[in-house]
């Protein structure tokens, strides 16, 4: 039985870190950079909106208090990070996982 209910989610996230690093290692000699973005809580679709509503006021407050910027992410926050990593400005960045989470503690 699951103690927290997120073992599969956490395992998948850690697998993504390993995959990012391994692909960067393998593809780097060909001039290909590989990075990934790890977004925080973003109200991006009806499912995440329902999840946020289900938290209720007390848990919502606790979540926001755990984020340095005291707000949830927006799709454009994630898009900006992805656009940067895809730009020439990031051509020497590879094998990294960029947390875009408002400074989640």
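In the chain, helical runs assigned H by DSSP with n ≥ 4 each contribute -39500 (n - 2.57); averaged across all residues and rounded to the nearest 500, the mean residue ellipticity at 222 nm is -17000 deg cm²/dmol. Using alpha carbons only, how many degrees (0 to 90, rounded to 10) separate the axis of helix 7-27 from the longest principal axis of the chain? The two axes meet at around 20 degrees. Here the Debye sum runs over all C-alpha atoms of the stretch 1-51 as equal scatterers in vacuum, and log10 of I(q)/I(0) at q = 0.14, 0.16, 0.17, 0.24 Å⁻¹ comes out as -0.56, -0.68, -0.72, -0.94.
Any chance you could give the angle, 0 to 90 degrees and rounded to 10, that helix 46-65 forms with the longest Cα principal axis of the chain? The helix 46-65 is inclined about 70 degrees to the chain. For the chain, the longest principal axis of the alpha carbon atoms and the long axis of helix 75-86 meet at an angle near 10°.
Above 19 Å, the calculated P(r) of the chain contains 56 percent of its Cα-Cα pairs.
Modelled label positions at residue 44 and residue 74, each set 7 Å beyond Cα in the direction of Cβ, lie 1.6 nm from each other. The distance between label points at residue 14 and residue 64 comes to 3.3 nm (points 7 Å beyond Cα on the Cα→Cβ vector). Between residue 32 and residue 88, the contour length at 0.36 nm per residue exceeds the alpha carbon distance by 19.0 nm.
Read the figures in this text as sums done on the coordinates, not as results from a lab. Worth saying up front: this structure is predicted, and the values here are computed from it rather than measured. Cβ atoms come from the backbone with ideal geometry, glycine included; neighbour counts cover every protein chain shown.
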